[in-house]
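Asker: Sharing a structure below in structure tokens format, with a few things to ask.
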Amino acid sequence: MSVGFGGDFKEQVRAATNLVDVVSDTVSLTPIRNGVDYVGLCPFHEDKNPSFHVYPDRQTYRCWVCDTGGDCFRWMMEIEKVTFPEALELLARRANIEIPARPRSEFAQKVEHNKVNQYEIVEWAIKLMEQAYQSAAADDLVKQYVGQRNLSEETIRRFRIGYHPENWNWLLNKARGKFSEKQLQSVGLVTERDNGDGYFDNLVGRLIFPIIDERGRAVAFGGRVLPGSNIESPAKYWNSPESNIFLKRRTLYAFDQARDAIRTSKEAIVVEGYMDCIACHQAGMSNVVATLGTALTEDHVKFLKRFAERTVLLFDGDKAGIAAAEKSIGRFLAEDLDLRILTLSEGEDPADYLEKHTKEDFQALIKSAPEAWEYKLQSVTDRYGFDSVSGRQQIMNQMMDFLAAAKGLQGTFREDLILRNVCQRIQIDETNARKQLFELRNKPAFPSYIRQDEPEVPVEVRKVFRGCDLAERELLEIILSQPDTTEYIRYQIGPGDFDNDQHRQLLELCFDLVAEEGILPEPQNVIAAAESDGRMINLINALLDAAREKGISDLMNELPLDYEDGDGAFVPPHLERVLRPLILRRAKNQIMLSKQRMAQTQTSTSELHSDTMEALRRIEKSRKNEMGNPSSTK
């Protein structure tokens, strides 16, 4: 459901939008199959042969190479880099549809009012602290420190750097008659005293770094205690606590300054601190951002992926920096982003480096940053060493786990090159490495209570589990291309019979349309119900394309071998073939559960094995589920 708008409005906008026209504003499209399909160069990867398809009948798009897809709303979100409500409004204006006022509850209105007040308070405090810095004498500690860091007046102005005087009630006094103590506390400017007797300012005696969000709104502060000041604090840096307008896991320092450079260069450089980030910008490296006292989060990764194709994590050369680098790798791999990692010489940070080197040196350093896999290889090599067989085996195991987790690499030339390089460096046989990686990625989806290597589990059972992922996909192809079979299928199979999470979600979506809304899961209905989920719409497109290539309609019209004229209704043999391994797997699950229970009561293995084989024979004979379900789809 779209935030702030009704579902009817969303579907009104979808119906009034011609996706071919919208996409044509960005991509040159050519009709094929008499206008059933349009193709062009994909805007989401470097495409030399048209691999990007727009389907007018489905009002969806899909790239067959990079596997990016969605509907009109997802397209606007990806191309314009906007949120879903913003995409909805853009398309509504394009279609000349009046945008309804968003209904808000009294509570929602109060929250929104509080947010507006919080933005105002933060902006008010920034201006005060900017003025405090500007009015400080040249020999004041704050001016001396900034001078030592070689920050120019232009940089100070651009990043709105400020200063909080050494007065624990400075902001409290300035706010009298304008903002309450509770309001100041809501944005982290003051803290209540332990004894409950009043409040005190948080940023006392610190150099202030305002934190601005991606929309240019001041939301929080960072503060550095000044060397030689009268303020004693165990923390050199202090960051605002989270509030209604500030979430550390989603915010990156200086993104408002770096946005255009990141969008243009398609590269983002992430450093650890405010000063490092500012030093990079002052040196002419404008595509640099910093985290806010936290490790890089998944939200950060997803946010950066909207703007950058390549991200370089630049960490200090100390142990903490190296640990932070390794910790971040997994998050980026999960998002299939081109990640480079660079750690400087021990004890050196980016600001130190730029004091001794030129911008060109820094750019060359960034350019030399190794890919995540190479950084990982070097890290585990340093840890285990090449000197022993055991060490090399440990390195290989770590790298195989690393690659198996990178779903976006699977089957690509890049993965092939990485694996080849890794094997050459570790001196491991490439064939064995590929076998190990294949096994890691293709472990059958056995229930947790089944040991695949258990002797008592028949070969037939193991084969069933390995073929079921394909059967799940083929059953969804049938449902989407032959929606009138859904009612029959719904009696034979339930979402709980699917192991693949995404397949199960799509099956639930199709069944819910039938059970709750009384409509067939026609592709358009399913796409609308997918709520602009790019991954789900991409799966739908892929399944429909596969169904068309296989000729599912023809397969479903095949007659049973024993069919005679006048027999009337029948179950298509192809549907039976697809359903059989799924029904068989369900039976095996039940049998294995029985086995577990019987083992607990010391039932003999041979007796259980006999039960298992008898169940297999019963299932192979049966063409119907034992649940007393409809016997026909025709």
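Asker: As an exercise: evaluate ARG102 against (1) closer than 24 Å to ASN244 by Cβ; (2) in a helix (DSSP H, G or I); (3) modelled with pLDDT under 90 and give the number of the one condition it does not meet.
Answerer: With respect to (1) closer than 24 Å to ASN244 by Cβ; (2) in a helix (DSSP H, G or I); (3) modelled with pLDDT under 90, ARG102 is out only on (2).
Asker: If you scan the range 204-253, which residues turn out to be among the polar types (S, T, N, Q) and either modelled with pLDDT under 85 or more than 20 Å from ILE269 (Cα to Cα) (or both)?
Answerer: SER229, ASN230, SER233, ASN239, SER240, SER243, ASN244
Asker: Surrounded by fewer than 21 Cβ atoms within 10 Å (Cβ to Cβ) and closer than 16 Å to LYS81 by Cα: does that describe ARG217?
Answerer: Taking the combined requirement at face value, the residue does not satisfy it.
Asker: Right, here's the next one. If a residue has to be under 11 Å from TRP373 (Cβ atoms) and of a type in the set (A, V, I, L, M) to count, how many in the range 385-433 make the cut?
Answerer: Total satisfying the criteria: 8.
Asker: Let me ask something else. Looking at ASP8, is it without any contact (Cβ under 8 Å) to a residue 60 or more places away in the chain, of a type in the set (D, E, K, R) and not in a loop (DSSP other than H, G, I, E, B)?
Answerer: Yes.
Asker: Pick from the range 256-286 the residues that are within 25 Å of the chain's Cα centre (by Cα) and among the β-branched types (Val, Ile, Thr): which of them is nearest to LEU344 (Cα to Cα)?
Answerer: VAL271
Asker: What do you reckon, is ASN244 crowded, with 23+ Cβ neighbours inside 10 Å and of a type in the set (S, T, N, Q)?
Answerer: no
Asker: Would you point out the residue of the range 405-426, among those that are in contact with a helix residue (DSSP H, G or I) (Cβ under 7 Å, 6 or more places away or on another chain) and in a loop (DSSP other than H, G, I, E, B), that is surrounded by the fewest Cβ atoms within 10 Å (Cβ to Cβ)?
Answerer: Per the stated criteria, the residue is GLN410.
Asker: Same structure again: Evaluate the range 281-290: report whether one residue or more is in contact (Cβ under 8 Å) with a residue 40 or more places away in the chain, crowded, with 24+ Cβ neighbours inside 10 Å and in a helix (DSSP H, G or I).
Answerer: no
The values are calculated or read from the model by the stated rules, or taken from the named source; none is laboratory data. Since the structure is predicted, the reported quantities are computational estimates derived from the model, not experimental observations. No Cβ is skipped: glycine too gets one built from the backbone with ideal geometry, and neighbour counts run over all protein chains shown.
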